[in-house]
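The next block holds one structure in the form of structure tokens; read it before the comments.
The values are calculated or read from the model by the stated rules, or taken from the named source; none is laboratory data. These numbers come from a predicted model, not from an experiment. Reconstructed Cβ throughout: ideal geometry from the backbone, glycine too, with neighbour counts over all protein chains shown. For accessibility, only protein heavy atoms count, side chains too; no ligands or nucleic acids. Shrake-Rupley method; radii C 1.70, N 1.55, O 1.52, S 1.80 Å.
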Amino acid sequence: MVGFIFSGILLQDETSLIWISHGKEKHLKLASVLRIISGQRTAVFRRFLRPEKDYLSFSLIYKKGERSLDLICKDTAEVE
């Protein structure tokens with residue numbers, strides 16, 4: 001769900017992201033990301049649209065395109 005502050009950690013070897021969601025540690029291997037979609041285009045984003053943040057938003061698509069990690073950056077520097 002969109003609307004939380006993503007306090008993820010990119011591992012030092014830059015192969016995975018780790019974050020806490022619903023009290024559980026989650027992992028995403030960057031090699032499993034199929035594509036990156038800029039803006040708020042996924043089903044999750046469409047349910048929780050924040051049009052003023054579209055330019056700060058992107059989604060990591062993984063698990064054969066069935067899952068997304070939808071993120072909103074705090075500023076344009078973080079997007080880059």
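How big is the chain along each principal axis, measuring the range of its Cα positions in Å and listing the largest first?
33, 28, 26
All other residues with a Cβ under 9 Å from the Cβ of residue 34 taken together, and with Lys, Arg as +1 and Asp, Glu as -1, what is their net charge?
Working: positive: 35, 63, 64; negative: none.
Net charge in that neighbourhood comes out at +3.
Would you calculate a helix-derived [θ] at 222 nm for the chain, using -39,500 (n - 2.57) for each DSSP H run of n ≥ 4 and dividing by the full residue count, to the nearest 500?
Calculated mean residue ellipticity at 222 nm is -2000 deg cm²/dmol.
Looking at the stretch 33-74, I'd like the Rg to Rh ratio, where Rg is from alpha-carbon atoms and Rh is Kirkwood's inverse mean 1/r.
Radius of gyration relative to Kirkwood radius: 0.95.
Could you tell me the calculated FRET efficiency between residue 43 and residue 77, based on Cβ-Cβ distance and R0 = 22 angstrom, to the nearest 0.05? Walk me through the intermediate numbers first.
Working: r = 28 Å, r/R0 = 1.28.
It comes out at approximately 0.20.
Along the charge dipole of the stretch 33-74, which of 38, 69, 55 sits closest to the positive end, that is, farthest toward it, with unit charges on the beta carbon of Lys, Arg, Asp and Glu (+1, +1, -1, -1)?
Comparing the listed Cα positions along the dipole, 69 ranks first.
Label residue 19 and residue 54 with points 7 Å out from Cα along Cα→Cβ: what is the distance between them in nm?
2.2
Sort 14-21, 66-73 by the packing proxy (mean of other Cβ within 10 Å over each peptide's residues), most packed first. Don't jump to the answer; show the numbers that get you there.
On the way: 14-21: 13.1, 66-73: 17.1.
Listed from highest to lowest mean packing, they are 66-73, 14-21.
Roughly speaking, to the nearest percent, how much of the chain's 1.4 Å accessible area is carbon and sulfur?
That share works out to 53 percent.
Where does the charge balance sit around residue 43 when Lys and Arg score +1, Asp and Glu -1, over other residues with C-beta under 13 Å from its C-beta? Don't skip to the answer; put the middle values down first.
Details: positive: 41, 46, 47, 67; negative: 66, 70.
Once positives and negatives cancel, what remains is +2.
Just how many pairs of Lys in the chain have C-alpha atoms closer than 17 Å, counting pairs that are eight or more places apart or on different chains?
For the chain, the number of qualifying lysine pairs is 4.
In Å², and per residue, what accessible area does the stretch 33-74 have when probed at 1.4 Å with the other protein chains present?
Each residue of the stretch 33-74 exposes 67 Å² on average to a 1.4 Å probe.
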